[in-house]
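Participant: Structure in structure tokens, see below.
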Amino acid sequence: MKITIPNNWFHQFLFILCIAVPYLDIFELTISVWSLAFVLTIQKRYSISLFKLVIPYALILLIATVVSFNFDYQKYLIIRDITYLCKPMIGFFLGYQLCGRNFQNAFRLIVKTGVFIAICHFITLFSAVLIYRAATVAEIRYISGYFSDYEVYTFIILLFHKQFQLDYSKKTLRIFTLIVGFSAFMYLARTNFIQFVILFLAVKGYLVINKKSLTIIASIVITSVVGYFIIVSTNPRRNAEGLEGFLYKIKVAPMEPFKTKINREDYKDFNDNYRSYENIMTIRQVTNDGLTPTIFGKGIGSQIDLKQEVWLGDMNLRFISILHNGFMIVFLKSGLLGIFIYLFTMIFFFRKMKTNKPIVSNINLLFIGTGVFLLVSNWVFLGFYNLTETKSILIGFLIAYREKINNQ
């Protein structure tokens, strides 16, 4: 078999590297690699469409920066927040730039990267079970990863390969779809399951409101409600292993981010509803400081006092500046004004690019699904602000691809 090296191998490598590095969960490494790749691929011209997405994120950072002048925060926290709030913008620009250098093989590169990430996930899964002797769902996820938005996008693109004009053989498509689909499933992430359903419905056209789509969505909602009550009726145990443990997570999921009262002395209540506890403490501490912080936030470098030490990631923390809720972190840093601006970043995805080209129409549909999913993702997983997310690069990549195809 003859092995050929593509002329743009370096930029293909950069794309794969930038998508893969966040999975290592080392933020300093991610931001360093992304920044270097951004500098190496910077270009002279960018589209208005890209700036429409980026500017709201820049305004949130600007508000948070100006507000911080009124406080005396630690320099380390200020610098970390700046890089953290810049991450989505760097991702959008980076994806946009890399598409220009990988345009001819754009969707093949997306799929190739997804397959690579999936294979790496399988390796960590086997390591978790065989080497580290992980026996529960929680232990396996702790070692092999909690979620993978990128693999779900890749799985959707493979399922709808005709719409995205992938010309793989049937055998190759089956193999890639199986690898990526099974890997995405094995994260056992509730948010990823929701993401898959939303994106699937979007590309099928069912999120464009009409009689048929309303019927289908209503059927899914009814089925989900019935399924949920069946799970509740089985009363899965809190500390159970395997499937039962996963069902317990589904059981508590609807209330986990929305509870308004939590007993800190009750470990079960506190642990099962920790995301809500973060939200409660954020709203309480920001609003208690007066009207100005409520409107404009407390700036970069600000933190929330959890009132007790909590095991987060790999350390015990009482004061945190990075939350689980995207809306809450924007509220903490830039207040209600920031939240108002933040909502515009989601409206962007519902604006269709006018076209007579099928692949552009399908990217439009994928973007609609992304907009809907962001409402869920921001509430429990920070949306584009998540430290390990990679979909900002993919979105920037698809924005560029959609424009280039439409302008041909």
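Participant: Can you tell me which of Phe27, Phe38, Phe15 is aromatic (Phe, Trp, Tyr), open to solvent by less than 100 Å² (accessible area, probe 1.4 Å) and free of Cβ contacts under 8 Å to residues at least 60 places away in the same chain?
Facilitator: Working: Phe27 fails: free of Cβ contacts under 8 Å to residues at least 60 places away in the same chain; Phe15 fails: free of Cβ contacts under 8 Å to residues at least 60 places away in the same chain.
Answer to the selection: Phe38.
Participant: State all residues of the range 41-72 that are among the hydrophobic types (A, V, I, L, M, F, W, C) and touching a residue at least 40 places away in the same chain (Cβ under 8 Å); if no residue qualifies, say none. Outline the logic, then answer.
Facilitator: Taking the range 41-72 as the starting set, the residues that turn out to be among the hydrophobic types (A, V, I, L, M, F, W, C) are 42, 48, 50-51, 53-55, 58-64, 66-67, 69, 71.
Residues satisfying the conditions are Ile42, Leu50, Leu53, Leu59, Ile60, Leu61, Ile63, Ala64, Val66, Val67, Phe69, Phe71.
Participant: Look through the range 326-362, keep the residues that are farther than 21 Å from Ala58 by Cβ and touching a residue at least 40 places away in the same chain (Cβ under 8 Å), and return whichever of them is most open to solvent (accessible area, probe 1.4 Å).
Facilitator: By that ranking, first place goes to Pro358.
Participant: Among Leu125, Leu109, Leu77, which is closer than 19 Å to Ile359 by Cβ, in contact (Cβ under 8 Å) with a residue 12 or more places away in the chain, surrounded by 16 or more Cβ atoms within 10 Å (Cβ to Cβ) and over 17 Å from the mean Cα position of the chain (by Cα)?
Facilitator: On the way: Leu125 fails: closer than 19 Å to Ile359 by Cβ; Leu77 fails: closer than 19 Å to Ile359 by Cβ.
Within the list Leu125, Leu109, Leu77, the selection yields Leu109.
Participant: Within the bounds of the range 97-109, is there any residue that is farther than 17 Å from Ile399 by Cα and hydrophobic (A, V, I, L, M, F, W, C)?
Facilitator: Scanning the range 97-109 turns up no residue that is farther than 17 Å from Ile399 by Cα and hydrophobic (A, V, I, L, M, F, W, C).
Participant: Quick one: Leu62 ticks every box in (1) at pLDDT 95 or above; (2) open to solvent by less than 30 Å² (accessible area, probe 1.4 Å) except a single one, so which number is it?
Facilitator: (2)
Participant: On to the next question. Take Leu77 and decide whether it is farther than 30 Å from Asn8 by Cβ, touching a helix residue (DSSP H, G or I) at 6+ places or on another chain (Cβ under 6 Å) and among the aliphatic types (A, V, I, L, M).
Facilitator: No: the conditions fail for Leu77.
Participant: Moving on to the next point. For the range 132-179, give me each residue that is open to solvent by less than 30 Å² (accessible area, probe 1.4 Å) and touching a Ser or Thr at 6+ places or on another chain (Cβ under 9 Å).
Facilitator: Ala134, Ser144, Gly145, Phe147, Ser148, Asp149, Tyr150, Glu151, Tyr153, Thr154, Leu158
Participant: Sticking with this structure for a sec: Restricting the search to the range 81-106, which residues are under 17 Å from the mean Cα position of the chain (by Cα) and crowded, with 19+ Cβ neighbours inside 10 Å?
Facilitator: Selection gives Tyr84, Leu85, Lys87, Pro88, Met89, Ile90, Gly91, Phe92, Phe93, Leu94, Gly95.
Participant: Testing Ser68 on (1) closer than 17 Å to Lys87 by Cβ; (2) crowded, with 16+ Cβ neighbours inside 10 Å; (3) among the polar types (S, T, N, Q), one condition comes back false. Which one is that?
Facilitator: Result: Ser68 passes all but (1).
Participant: OK, next. Only one residue in Arg284, Arg238 is surrounded by fewer than 17 Cβ atoms within 10 Å (Cβ to Cβ), of a type in the set (Lys, Arg) and at pLDDT below 70. Which one?
Facilitator: Going through Arg284, Arg238 in turn, the sole match is Arg238.
Participant: Another question, then. Looking at the range 365-401, which of its residues are in a helix (DSSP H, G or I) and open to solvent by 10 Å² or more (accessible area, probe 1.4 Å)?
Facilitator: Within the range 365-401, Leu365, Ile368, Val372, Leu375, Val376, Trp379, Val380, Phe381, Tyr401 meet the criteria.
Participant: Further question: Somewhere in the range 295-303, is a residue in contact with a strand residue (DSSP E or B) (Cβ under 7 Å, 6 or more places away or on another chain) and open to solvent by 10 Å² or more (accessible area, probe 1.4 Å)?
Facilitator: Looking for residues that are in contact with a strand residue (DSSP E or B) (Cβ under 7 Å, 6 or more places away or on another chain) and open to solvent by 10 Å² or more (accessible area, probe 1.4 Å), one finds at least one in the range 295-303, hence yes.
The values are calculated or read from the model by the stated rules, or taken from the named source; none is laboratory data. No experiment lies behind these values; they were computed from the predicted model shown. Note: ideal-geometry Cβ built from the backbone for every residue, glycine included; neighbour counts use all protein chains shown. Side chains included, ligands, DNA and RNA excluded: accessible areas come from the protein's heavy atoms. Shrake-Rupley method; radii C 1.70, N 1.55, O 1.52, S 1.80 Å.
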